[in-house]
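Colleague: I have a structure here, written as structure tokens, and I will follow up with some questions on it.
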Amino acid sequence: MADSPILELRGVSKSFGAVQALTRVDFAVRAGEVMALVGDNGAGKSTLIKCIGGIHPADGGEVRFEDRTVTISSPKDSSALGIEIVYQDLALCDNLDIVQNMFLGRERLSSFARLDETAMERAAMQTLASLSVTTVRSVRQTVAGLSGGQRQSVAVAKAVMWNSTVVILDEPTAALGVAQTRQVLDLVQRLGEKGLGVVLISHNLHDVFEVADRICVLRLGQKVAEFDAAATNQQEVVEAITAGKVEQVPGMATEATA
Amino acid sequence: MTDLVQQPSAGDVTSEPARGGMADHFRDYVRRVRLGDLGSLPIIVGLVFIAVIFQSQNSAFLSSRNFVNLVVQMAGLTTIAIGVVFVLLLGEIDLSVGYVSATASVILARLLLNDWPWYVAVAVGVCVALVIGLVQGLIISKAGVPSFVVTLAGFLVWNGVVLIIIGGLGTVVIQDRTIVGVANTFLPAAVGYAVAAVLVAGYAAVLVLRTRSRARDGLPTAPMSLLGLRIAGLAVLGLGAVYAANLSRGVPLVGVLVMLLLVGWSFVANRTRFGRHVYAVGGNAEAARRAGINVDRIRVAVFMISSTMAALGGIVLASRLRSVDTAAGGGNLLLNSIAAAVIGGTSLFGGRGKVSNALLGALVIASVDNGMGLLGLSSGAKFVVTGLVLLAAVVVDSFSRRGRSQRGMA
């Protein structure tokens with residue numbers, strides 16, 4: 001099981017009009033593994049996760065989930081498969097507390113259409129405890145009062161609460177300080193240990209090397225390299241990001257030979 | 001900051017209120033107040049202030065007779081303000097509530113004039129309001145026109161409709177005993193006490209059952225002494241109010257009806273999925289949308305709530321005056337109902353507020369109005385004072401919000 005990818009993209013392409021955003025990208029993440037997705041701005045990282053998340057369905061190629069070919073044409077399809085994406089802006093409601101945010105849109109009800117607050121509070125506490133998120137004072141405080149790292153933790157906990165199998169984190173540490181970055185990276189590692197497939201998008205190679213098992217490098221919409229994190233170094237990855245060999249560059253034929 | 005990286009130890013995540021005795025809870029409350037989470041504190045201070053001032057000027061202000069008058073005077077405003085609270089929770093505004101209330105009441109009055117049964121007349125008035133809310137809500141959510149503009153148009157349109165329906169009559173007198181009885185019935189003393197007892201018992205049952213179910217699930221609970229204090233507080237307040245009212249004409253029926261509306265809508269706002277989604281849309285519409293909430297449907301429903309509550313408020317006002325005239329829904333009814341929600345503590349920017357804010361805010365406005373009337377001051381002075389109270393409420397809210405955001409509690 002550990003060797004067959006839980007989510008696999010084969011030759012996925014995506015274009016927006018004349019712009020070829022992704023060209024035959026292969027990408028795979030296994031259960032229990034942290035796969036980093038790196039690349040310069042405009043390399044196609046966001047487009048790739050939007051293909052996985054069903055926001056921009058892929059034009060060509062094959063998406064396989066647990067060794068079956070699947071079609072992801074809307075965000076509903078991907079969440080039905082257990083793929084959850086934590087976007088950079090986190091999408092939390094500041095005026096609601098942690099439990100309310102974690103269950104937003106999927107509230108549990110008891111008799112007479114009442115919200116089942118105790119069940120939700122307990123489940124939220126269990127999920128946070130299972131992720132070892134111990135820094136929040138109370139699950140009944142509003143999200144507005146949380147630090148950036150705590151917010152990220154809540155957003156991740158919200159994503160993993162629904163029996164998800166793949167969690168995609170978009171720049172989770174971008175706006176965080178040192179201590180909070182540490183907190184989130186620990187959390188990312190724990191997600192992998194729990195047996196989830198984790199995709200980490202980051203600009204910060206230091207963070208990537210700290211938690212990733214494998215590193216996939218995109219450049220100009222193509223995958224230019226894939227490294228085993230233990231068998232490479234930052235310099236090699238930086239070279240791939242900035243000057244990785246691309247097979248073809250639409251409309252920029254000379255660059256390919258550079 | 002070192003506590004941010006402390007090592008995991010499962011079960012550390014607790015929920016508020018923390019386990020502990022009364023003293024801990026009191027300290028926690030003081031801490032929250034100092035951090036700027038004032039809750040209803042400023043308005044209660046304000047009400048005491050108002051009571052002291054008017055009582056010192058005219059000893060009739062705190063008389064039981066005037067208390068009963070106040071309850072009847074504020075009933076219509078409170079009812080309309082409940083709907084306004086919902087609209088403000090979304091971060092929207094409804095400027096049409098004044099004339100929607102008048103439209104419903106003028107339809108009611110005309111139907112009663114033609115000898116329709118009262119329940120059919122009420123049903124027609126409420127249904128018209130529902131349709132008005134539906135149409136305004138659909139235009140706001142589907143066409144993306146700001147609610148300010150759509151309901152401003154509604155303000156003009158429904159004002160016109162009221163004048164057209166009244167036509168040459170000038171004033172439509174209501175003679176139906178049931179409708180007139182809404183605001184002009186006073187409960188016998190024993191019934192008043194019974195209603196208060198049921199209310200207190202219901203509150204106690206809800207609190208105790210909730211605490212027990214939390215304890216069963218191993219969640220932290222408030223200490224029994226605090227629950228006892230809350231229940232006792234409500235009992236004193238409720239029975240005291242009934243006692244005061246019974247010294248005069250008795251508890252007004254309309255006061256009980258308004259309490260029922262408050263309890264019912266509080267339940268909807270706090271205990272149902274719909275209410276939760278209203279708060280979510282008001283707090284972060286994009287997050288709500290991504291969570292799978294149908295934001296448009298919530299918006300439309302909330303505008304239907306505000307029109308419907310406006311209609312019910314209009315019926316209460318018509319019942320009190322026993323007639324509907326061309327001035328219905330005009331004057332400062334609209335602004336007072338929005339001011340009531342805001343003075344009560346509902347944010348104009350969405351996501352923050354409670355249904356009970358409508359009651360507290362309406363109490364402030366009606367008290368000022370009533371007290372100034374007792375002092376024989378002109379309506380000009382009334383406007384000035386009400387305006388200053390509104391300003392004070394918003395400034396207090398603004399300062400407390402700044403305090404909260406500085407401490408990251410927004």
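Any read-out appearing in this document is the output of simple, stated calculations on the displayed coordinates, not a laboratory observation. Everything numeric in this text was worked out from a predicted model, so none of it was measured. Cβ: placed from backbone, ideal geometry, glycine included. Neighbour counts: every protein chain shown.
Colleague: How far is the Cα center of segment A:168-225 from the Cα center of segment B:63-98, in Å?
Modeller: Answer, in whole Å: 52.
Colleague: What value, in deg cm²/dmol to 500, does the helix sum -39500 (n - 2.57) over DSSP H runs of n ≥ 4 give at 222 nm once divided by the residues of the protein assembly as shown?
Modeller: Value at 222 nm, helices only, nearest 500: -19000 deg cm²/dmol.
Colleague: Using a 10 angstrom cutoff on alpha carbons, build the Gaussian network for chain B and name the most mobile of B:Val149, B:Val258, B:Val72.
Modeller: B:Val149
Colleague: A further question on this structure: So the label point goes 7 Å from the Cα of B:Ser59 along Cα→C-beta, right? Which residues of segment B:333-373 then have their backbone N under 20 Å from it?
Modeller: Flagged as within label range: B:371-373.
Colleague: Okay, moving on. Amide H to amide H under 5 Å from A:Ile168: which residues, 5+ apart in sequence or cross-chain, H placed 1.01 Å off N in plane?
Modeller: A:Glu84, A:Ile85, A:Val86, A:Val199
Colleague: Can you work out the FRET efficiency for the pair B:Leu348 and B:Ala189, with r the C-beta to C-beta distance and R0 = 60 Å, to the nearest 0.05?
Modeller: The computed FRET efficiency comes out at 0.90.
Colleague: For the protein assembly as shown, what proportion of DSSP beta bridges, expressed in % and rounded to the nearest 5, is antiparallel?
Modeller: Once the DSSP bridges in the protein assembly as shown are tallied, antiparallel ones form about 60 percent.
Colleague: Anyone know which of B:Arg352, B:Arg290, B:Arg230 comes out most mobile in the 10 Å Cα GNM of chain B?
Modeller: With Cα springs under 10 Å in chain B, the top fluctuation among B:Arg352, B:Arg290, B:Arg230 is at B:Arg290.
Colleague: Segment A:9-45 to segment B:241-304: how many Å between their Cα centroids?
Modeller: Centre-to-centre (Cα) distance: 47 Å.
Colleague: So what is the relative contact order of chain B, in percent, for Cα pairs below 8 Å that sit 6 or more residues apart?
Modeller: 34 percent
Colleague: Given 10 Å bins starting at zero, what is the percent of C-alpha pairs of chain B in each, up to the one with the largest pair distance?
Modeller: 5, 19, 30, 27, 14, 4, 1, 0
Colleague: Under a point-charge model restricted to the Cβ atoms of Lys and Arg (+1) and Asp and Glu (-1), what is the dipole moment magnitude of chain B relative to its Cα centre, in debye to the nearest 20?
Modeller: 680 debye
Colleague: Please arrange B:Tyr99, B:Tyr119 by counting, for each residue, the other beta carbons lying within 10 Å of its beta carbon, fewest first.
Modeller: Exposure proxy ranking, most exposed first: B:Tyr119, B:Tyr99.
Colleague: Once the Cα atoms of helix B:273-283 and of chain B are each reduced to a long axis, what angle between those two axes, in degrees from 0 to 90 to the nearest 10, is obtained?
Modeller: Helix B:273-283 sits at roughly 80 degrees to that axis.
Colleague: Enumerate the residues in segment A:1-33 having an amide nitrogen under 15 Å from the point lying 7 Å beyond the Cα of A:Arg64 toward its Cβ.
Modeller: Zone members listed by number: A:1-12, A:25-31.
Colleague: Another question about this same structure. On a 0 to 90 degree scale, rounded to 10, what angle separates helix B:333-343 from the longest Cα axis of chain B?
Modeller: Compared with the principal axis, the helix lies near 10 degrees.
Colleague: Run the numbers for B:Leu138 and B:Arg322: contour at 0.36 nm per residue of separation, minus the present Cα-Cα distance, in nm.
Modeller: 62.8 nm
Colleague: For a quick check: with amide H placed at 1.01 Å from N, whose amide H comes under 5 Å from A:Gly61's, ignoring anything fewer than 5 positions away on the same chain?
Modeller: When sequence neighbours closer than 5 places are left aside, the close amide H contacts are A:Ser13.
Colleague: With a Förster radius of 30 Å, plug the Cβ-Cβ distance of B:Ala197 and B:Phe267 into 1/(1 + (r/R0)^6) and report the FRET value to the nearest 0.05.
Modeller: Taking R0 as 30 Å, the efficiency between B:Ala197 and B:Phe267 is 0.90.
Colleague: Along the charge dipole of chain B, pointing to its positive end and built from +1/-1 on Cβ of Lys, Arg, Asp and Glu, which listed residue (B:Ala392, B:Ala109, B:Ile174) has its Cα farthest out?
Modeller: Result: B:Ala392, furthest along the dipole toward the positive end.
Colleague: Let me ask another. For segment B:377-392, take each phi angle, set θ = phi - 60°, evaluate the Karplus expression 6.51 cos²θ - 1.76 cosθ + 1.60, and give the result in whole Hz per residue in order, putting x for glycine and proline.
Modeller: Along segment B:377-392, the couplings run 7, 6, 5, x, 4, 4, 4, 4, 5, 4, x, 5, 4, 4, 4, 4 Hz.
Colleague: Let me ask something additional. Residue farthest toward the positive end of the dipole of the protein assembly as shown, with Cβ of Lys/Arg at +1 and Asp/Glu at -1: which of A:Phe112, B:Val200, A:Pro5?
Modeller: Farthest along the dipole direction, towards plus: B:Val200.
Colleague: On to the next question. Hey, got a sec? Which chymotrypsin sites (Phe, Trp or Tyr not before Pro) in segment B:309-409 land in a DSSP loop and have at most 16 other Cβ atoms within 10 Å?
Modeller: Taking segment B:309-409 and a limit of 16 other Cβ atoms within 10 Å, the loop chymotrypsin sites (Phe, Trp or Tyr not before Pro) found are B:Phe349.
Colleague: Quick one: which residues, 5 or more positions from A:His203 or on another chain, have an amide H under 5 Å from its amide H? H modelled 1.01 Å from N in the peptide plane, none for Pro or chain starts.
Modeller: none
Colleague: Here's something else I'd like to know. Could you give each residue of segment B:253-266 its phi-based ³J(HN,Hα) in whole Hz, using Karplus coefficients 6.51, -1.76, 1.60 with θ = phi - 60°, and x for Gly or Pro?
Modeller: Karplus values, whole Hz, x for Gly and Pro: 4, 5, x, 5, 4, 5, 4, 4, 4, 4, 5, x, 6, 5.
Colleague: Would you work out the charge dipole size for the protein assembly as shown about its Cα centre, treating the Cβ of every Lys and Arg as +1 and the Cβ of every Asp and Glu as -1, and quote it to the nearest 20 debye?
Modeller: 2280 debye
Colleague: Taking chain B as a Gaussian network, where each spring joins two C-alpha atoms under 10 Å apart, which residue of B:Asp217, B:Asp369, B:Asp28 fluctuates the most?
Modeller: Taking springs between Cα atoms under 10 Å, the residue moving most is B:Asp217.
Colleague: Right, another one. How tilted is helix B:189-216 with respect to the longest principal axis of chain B? Cα atoms for both, answer in degrees (0 to 90, nearest 10).
Modeller: The answer is roughly 30 degrees.
Colleague: A further question follows. Pairs on different chains or at least eight residues apart, Cα atoms closer than 18 Å: how many lysine pairs in chain A fit?
Modeller: Eligible lysine pairs with Cα atoms under 18 Å apart amount to 10.
Colleague: Taking θ = phi - 60°, what integer Hz values does the Karplus form 6.51 cos²θ - 1.76 cosθ + 1.60 yield along segment A:142-159, in sequence order, with x for Gly and Pro?
Modeller: The phi angles translate into 6, 4, 4, x, 8, 6, x, x, 5, 4, 4, 4, 5, 5, 5, 4, 4, 6 Hz.
Colleague: Using alpha carbon centroids, what distance separates segment B:324-386 and segment B:156-227, in Å?
Modeller: That distance is 19 Å.
Colleague: Here's a follow-up. Can you compute the FRET efficiency between B:Leu375 and A:Ser130 using 1/(1 + (r/R0)^6), with r the Cβ-Cβ distance and R0 = 45 Å? Round to the nearest 0.05.
Modeller: Computed FRET efficiency for B:Leu375 and A:Ser130 comes out at 0.10.
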